[in-house]
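Inspection log for the structure reproduced underneath, given as structure tokens.
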Amino acid sequence: MQLTVNGTEHEVDLDVRTSLLDALREHLALTGTKKGCDHGQCGACTVLVNGRRINSCLTLAVMHEGDEITTVEGLGAPGDLHPMQESFLKHDGYQCGYCTPGQIVSAVGMLGEVEKGWPSHVTSDLGGGASLSNEEISERMSGNLCRCSAYPNIVDAIREVGAQPVAEQRKDAA
């Protein structure tokens, strides 16, 4: 089968029971996406599929042939970081770093949801845009856990990028 990951097509020979997470890590050597709980509860394995964030441990790789998959490696690289990666560095939004790739990818996906006007459980005005308050960011990022408790710094990093114009948030903005 073919998987398109970070803009590159990969031909992979996988067992149909292989999770997307295991395909990325074990078959494509993209180890930025972490295996935390392997039950969809921690968010360390978060990737974007067609721009939407998902837990890659809960989906089979064969379900994503033809989809555009983006991992943390696809957001930026040393010397050319994504604005969210830069903001995490600036605000110390990481401590041990294990959850950081999933947090960053989830934050990028979350800002896409806000841009589209999707409400969260705590959005007060369902007809208008959500503000990036502490409560709103915390609710939207609640599927990503950090055992080191860097949450205030993560929220600050997300808020800073969320305040930027959308074109500046995208690495390849046209």
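The values are calculated or read from the model by the stated rules, or taken from the named source; none is laboratory data. This structure is a prediction, so every number in the text was calculated from the model and none was measured. No Cβ is skipped: glycine too gets one built from the backbone with ideal geometry, and neighbour counts run over all protein chains shown.
Restricted to segment 33-49, and to residues that are in a loop (DSSP other than H, G, I, E, B) and within 11 Å of the chain's Cα centre (by Cα), which residue is surrounded by the most Cβ atoms within 10 Å (Cβ to Cβ)?
45
Give the number of residues within segment 88-132 that are among the small types (Gly, Ala, Ser), over 20 Å from residue 149 (Cβ atoms) and part of a loop (DSSP other than H, G, I, E, B).
Count: 8.
If I filter segment 62-72 down to residues being within 12 Å of the chain's Cα centre (by Cα) and more than 13 Å from residue 23 (Cβ to Cβ), which single residue comes out as surrounded by the most Cβ atoms within 10 Å (Cβ to Cβ)?
72
What is the residue count in segment 73-91 for residues that are surrounded by 14 or more Cβ atoms within 10 Å (Cβ to Cβ), of a type in the set (Asp, Glu) and farther than 19 Å from residue 4 by Cβ?
1
Which of the residues spanning segment 70-87 are polar (S, T, N, Q), touching a residue at least 60 places away in the same chain (Cβ under 8 Å) and part of a helix (DSSP H, G or I)?
87 - this is the single residue of segment 70-87 that is polar (S, T, N, Q), touching a residue at least 60 places away in the same chain (Cβ under 8 Å) and part of a helix (DSSP H, G or I).
From the list 97, 66, which residue is of a type outside the set (Phe, Trp, Tyr), at positive phi and without any contact (Cβ under 8 Å) to a residue 40 or more places away in the chain?
After ruling out the rest, the residue left standing is 97.
Here is a list: 108, 166, 114, 155. Which entry is at pLDDT below 90 and either of a type in the set (Val, Ile, Thr) or in the same structural domain as residue 36 (by TED's automatic domain parsing) (or both)?
166
Test residue 59 against the criterion of being farther than 22 Å from residue 156 by Cα, surrounded by fewer than 23 Cβ atoms within 10 Å (Cβ to Cβ), assigned by TED's automatic domain parsing to the domain that holds residue 23 and free of Cβ contacts under 8 Å to residues at least 60 places away in the same chain, and give yes or no.
Yes.
Yes or no: residue 127 out of contact with any helix residue (DSSP H, G or I) (no Cβ under 6 Å at 6 or more places or on another chain), modelled with pLDDT of 95 or more and not assigned by TED's automatic domain parsing to the domain that holds residue 49?
no
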